[in-house]
Every structure is written in C-alpha cells, then in structure tokens.
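Inspection log for the structure reproduced underneath, given as structure tokens.
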Amino acid sequence: MNYNDDALVQTSAILQEDILDEQQLDQLWSAALGEIEIQVSRPNFVTWFKNSHFVNKKGNTAYVGLPNNFAKEWIENKYSKVVLGALRTLEQSIMKVEFSVAGAKGAPAKMTRTAPRPEERQASFPEFKIDPETGLNPRYSFNSFVVGKSNELAYAAASAIVEEIGKKYNPLFLYGGVGLGKTHLVQAMGNEITARYGGKVRVKYTPAEKFTNDVIWAIKNKRMETIKEKYRLIDVLILDDIQFIAGKHATEEEFFHTFNALHESNKQIIISSDRPPKFMPDLAERLRSRFEGGMIVDISYPDYELRYAVLKTKAQERGLNLTEEVFGQLANKIQRTLRELEGILNKIQFHQRVKHLEITPAVIDEILAEILQEPTRSINPNVVIRAVADSFEISVVDLIGSSRKRELVGPRQIAMFLLRDMLDLSYPNIGDRIGKRDHTTALYAFEKIAEEINRNQVLNQKILTIRELISKE
Ligand code: ADP
Ligand code: MG
C-alpha cells in the first residue's frame with residue numbers, strides 16, 4: 001500500500017517548506033478540533049477552544065493561537081497532550097505544540113503569515129455560532145436530526161412538547177449514553193421553539209456544569225439574587241447533562257427552587273442526563289421524584305441503519321462525496337456512538353482536501369486502524385482499574401483484592417472485561433492483577449460482560465461512561 005507513503009512524503013515536503021495555505025491550515029485545525037471535541041466535555045470544549053486557530057507550522061512545531069492569556073494557560077496545563085495527540089493523528093511530523101496569544105507579544109516572532117481575525121476563522125467552524133442570550137447553537141435542528149429505532153420515542157416527545165410548551169410532558173427527562181444525540185435533540189427543541197414563537201418565549205439552554213459554576217460564583221459573591229433572576233425569568237429551561245449536579249448540594253438546592261418556580265407557572269423544563277433518575281444515587285430524593293413526575297425517555301445505541309443515515313447526512317452537510325461502499329464500511333465499523341462518526345468524517349475530509357487522497361475502502365481501512373488503536377496508546381492497566389474503582393466509588397485496593405464481598409463481583413468483572421477489550425491483556429495476566437484469580441475467572445468475566453452488554457442498557461451505559469473516563473486520562 002503506497003498511497004500513504006506517497007502522501008506522507010508529499011505532505012511533509014509541503015509542511016517543511018511551510019507553504020500550507022490558510023485554507024489548509026483551517027482544514028487541519030478543524031479536523032483536529034473534531035478530534036479534540038470527542039475527548040473533552042462539550043462545555044470545556046466550547047469554553048476553551050472557542051476562537052482558537054492554527055497559526056502556523058515550522059519544522060515539527062505547530063503554533064496554535066488563543067484569544068487571551070487565560071485560555072492559553074488553561075489549555076497549556078490541561079489540554080496540551082490532547083491537542084498534540086489530535087494534531088499528530090492527522091500529521092505525524094508534528095512533535096510539539098506551542099500556544100500563543102494571537103497577535104499579542106508572545107506570538108512566534110517569525111510567523112510568516114499574520115494570524116487572521118478570530119471571526120474569520122470561526123466561519124469555518126459552525127460549532128461556535130452560539131447565541132449568547134439563549135445558549136442555542138443553530139447547527140442543531142430537528143431537520144438535521146435523523147430518526148431511527150433508538151431515538152424515535154425521544155424525538156416524538158420532543159416534537160410534541162414543541163407544539164404545546166409547558167403543558168405536555170413537563171419536565172421532559174431525556175437520558176442516554178455519551179454521543180447519542182441528547183444535546184442535539186434538546187438544542188433542536190430550543191431552536192424550533194425560538195423559530196416558532198420568536199421573542200415571545202424565552203428559551204435558555206445551560207449545560208449543568210455552567211449552572212453549577214453560576215451558583216458557585218453567586219455564593220462566593222453573595223449574589224444569589226442574580227441567579228434567581230437569571231433563571232426564573234425563563235419560559236423554557238434546558239439543562240443539559242444534569243448528572244453533573246448530582247451530589248453537589250448547593251447547586252441541587254438552587255436547581256430545586258428554580259425547578260419549582262418554573263414548574264408552578266407552567267414553564268417548560270427539559271433535562272438531559274447520561275442515566276435515568278433512578279440510577280443517580282447522589283441525586284436528592286425530592287428532585288428525583290419531581291423528574292419521575294414528568295416524561296422520561298431514552299435514546300439508546302444506534303443500529304446500522306441509523307448510523308448509515310447519519311453518516312450520509314453529515315457527509316452531505318460537509319459536501320463530502322463518498323461511495324455507498326464506504327458509507328457501509330464506516331457504519332459497520334464505528335458502532336458505539338454517533339459522535340465518533342463526526343470525528344471520522346473530519347479525518348476523511350482532511351485526507352481528501354489536504355492530502356488529496358481518493359477515499360477508497362483501503363484508505364478508510366487505514367484511517368480506521370489509526371483511530372481504533374489510538375485510545376490504547378496512552379492508557380495502561382492501572383488507569384483502567386482506577387477508572388472502574390472511581391466509577392463504582394470503591395477503592396482500588398478493594399477492587400483488585402481478593403475479598404469475596406458480593407458488591408465487588410460486578411466491578412471486578414467489568415475491570416476484567418475492559419482490560420481485555422481495551423488493552424488486549426492475556427487472561428492469566430488479568431486474573432493475576434484482579435483478585436489473584438486464575439485465567440478461567442477472567443475468561444468467564446469477559447464473556448459474561450461481552451454478552452450482557454447487548455441486553456442490558458444500564459450496564460452498557462455504565463461501561464461507556466468508564467471508557468470515557470479512561471480516554472480522558
Ligand atoms: P450527547 O449529547 O448525547 O453526548 P450529541 O448530541 O452531542 O450527543 O451528539 C453527538 C454528535 O452526533 C453530534 O454531532 C450530533 O449532531 C450527532 N448526532 C447525534 N444523534 C444524531 C441524529 N439522530 N441525527 C444526526 N446527528 C446526530
Ligand atoms: Mg451532550
């Protein structure tokens with residue numbers, strides 16, 4: 001297979017001479033952002049990567065421009081590994097990333113091109129056209145939401161609510177694993193309501209993390225009144241990823257009051273979560289019973305047809321031409337979440353536009369092989385074990401120990417499953433690490449979990465959450 005070598009030689013030649021034009025830099029950066037988006041939570045992604053852009057590449061160093069010092073420090077400390085990883089999967093000649101405040105003093109002195117104004121760059125990346133008033137992003141619409149078996153009930157509930165705000169299904173509690181379309185659907189509701197009722201209905205979309213930050217800020221600055229005003233003057237409140245507030249008492253308390261105030265005056269409340277209320281052990285009982293008084297619907301894992309349809313829609317949105325065979329191949333291989341489909345389309349687009357490769361099934365195989373091996377590169381068994389322990393709130397010592405307590409059996413089996421599935425460790429090795437068991441125990445655990453995932457939605461989601469924890473390491 002020589003397409004790759006040719007392309008690499010070609011690309012590194014281009015990159016060494018630094019003659020990537022602006023459009024190519026844009027493509028590279030938006031492909032990298034697609035990759036980064038998969039790895040960091042959406043609120044963080046939007047907060048920190050907004051207005052970022054690719055300034056230049058010199059030798060093996062990539063220069064990334066950020067709007068201010070605050071973002072620069074934050075990304076340097078928290079996300080430099082993620083950024084480098086994302087760039088390297090696209091362009092292996094990049095070994096180092098440097099961040100600068102674009103246009104300010106610290107910018108690389110020898111920049112051969114001036115950094116474009118942030119607004120220009122934003123245009124190529126629709127993620128950031130968020131309305132500051134409503135928090136809504138116009139890219140999410142009912143139109144672009146593809147309906148299949150796994151989300152049809154959620155879609156039906158969402159459509160019904162938009163027809164009669166506050167009267168039907170209040171609150172709506174929508175749950176499902178990561179990357180299955182919750183944010184898309186709740187945002188689409190907000191956009192549809194705004195389009196229909198214009199300024200008459202005030203919509204507010206808030207990630208729960210942001211709500212929490214608001215409450216913390218208000219407590220610190222003794223400005224609780226501000227919060228009350230801000231959230232209670234709303235007609236439709238959309239709180240995304242409510243699992244973030246579970247167990248945070250002050251935030252729950254404030255949300256409870258906001259919830260009641262809105263609910264009593266028939267304002268619509270829309271909530272999303274990565275799990276149903278009954279599986280949120282930290283959630284205050286009174287909130288749980290409020291949620292259970294409304295409509296609870298789930299979005300589950302997409303089947304082949306839905307994956308195929310979403311791929312086609314997204315490719316079309318990007319003007320990306322792929323053959324039916326390639327769509328089929330992708331829908332077959334990428335099974336977990338719809339968000340991953342987006343990441344892979346970014347990559348394909350980059351290969352096609354910048355590297356000028358014809359996207360054949362063989363090229364897709366190469367891209368998939370790269371993607372599918374990525375997560376295992378930086379993780380090790382201890383990371384997996386710690387993530388499982390954390391997510392069940394048990395200690396690592398208990399998890400890998402040999403106590404026969406019943407509540408440890410499940411977590412141990414999951415740890416064994418993940419060690420095999422993600423790291424391909426041998427069964428004797430796994431047995432040795434977890435509970436000092438022999439290889440048959442590990443083998444049994446792997447097969448049991450692998451089989452049960454297909455039937456047990458809750459288990460499946462739990463494992464996806466753990467995988468996400470691991471991939472953030
Ligand atoms: P979640 O909030 O559940 O983690 P998102 O709403 O962020 O997931 O969805 C992840 C990606 O998949 C988004 O880019 C979204 O547009 C896309 N997506 C999810 N479901 C659908 C769907 N039914 N049709 C089209 N795109 C979808
Ligand atoms: Mg979401």
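Just so you know, all these numbers are worked out from the coordinates, no wet-lab data involved. Because the structure is a prediction, the values reported are computed rather than measured. Note that each Cβ is placed from the backbone with ideal geometry, even for glycine, and that neighbours are counted across all protein chains shown.
Things worth noting here:
- Other-chain or far-sequence residues with amide H under 5 Å of Lys355's (modelled H): none
- Taking other Cβ atoms within 10 Å as a rough exposure proxy, Thr441, Thr206, Thr226 sort from fewest to most as Thr226, Thr441, Thr206.
- For the residue pairs Lys405/Lys448; Lys58/Lys355; Lys278/Lys436, the alpha carbons lie more than 29 Å apart in Lys278/Lys436.
- Lysines whose Cα lies under 18 Å from that of Lys267, excluding same-chain neighbours fewer than 8 positions away: Lys167, Lys168, Lys200, Lys204, Lys228, Lys230
- The lysines within cross-link reach of Lys149, meaning a Cα-to-Cα straight distance under 16 Å and a gap of 8 or more places when in the same chain, are Lys182.
- Computed label-point distance, nm, for sites Arg406 and Thr313 using a 7 Å Cα→Cβ extension: 4.4 nm
- Cα gyration tensor category, rounded, prolate or oblate, for region 152-298 with a/c compared to 1.5: oblate
- Ranked Lys230, Lys462, Lys129, criterion: other C-beta atoms within 10 Å, fewest first: Lys129, Lys230, Lys462
- Beta bridges per DSSP with both ends in the chain, % antiparallel, nearest 5: 20 percent
- For a straight C-alpha distance cut-off of 14 angstrom, the aspartates and glutamates reachable from Lys333 (same-chain residues fewer than eight places away being disregarded) are Asp303, Glu305, Glu325, Glu342, Asp365, Glu366, Glu370.
- Among Ala71, Gly293, Asn191 - extreme Cα towards positive end, dipole of the chain, charges at beta-carbon: Gly293
- Förster radius 41 Å - calculated FRET efficiency between Lys58 and Lys129 (Cβ-Cβ, nearest 0.05): 0.85
- Computed [θ] at 222 nm, helices only, for the chain once each DSSP H run of length n ≥ 4 contributes -39500 (n - 2.57): -17500 deg cm²/dmol
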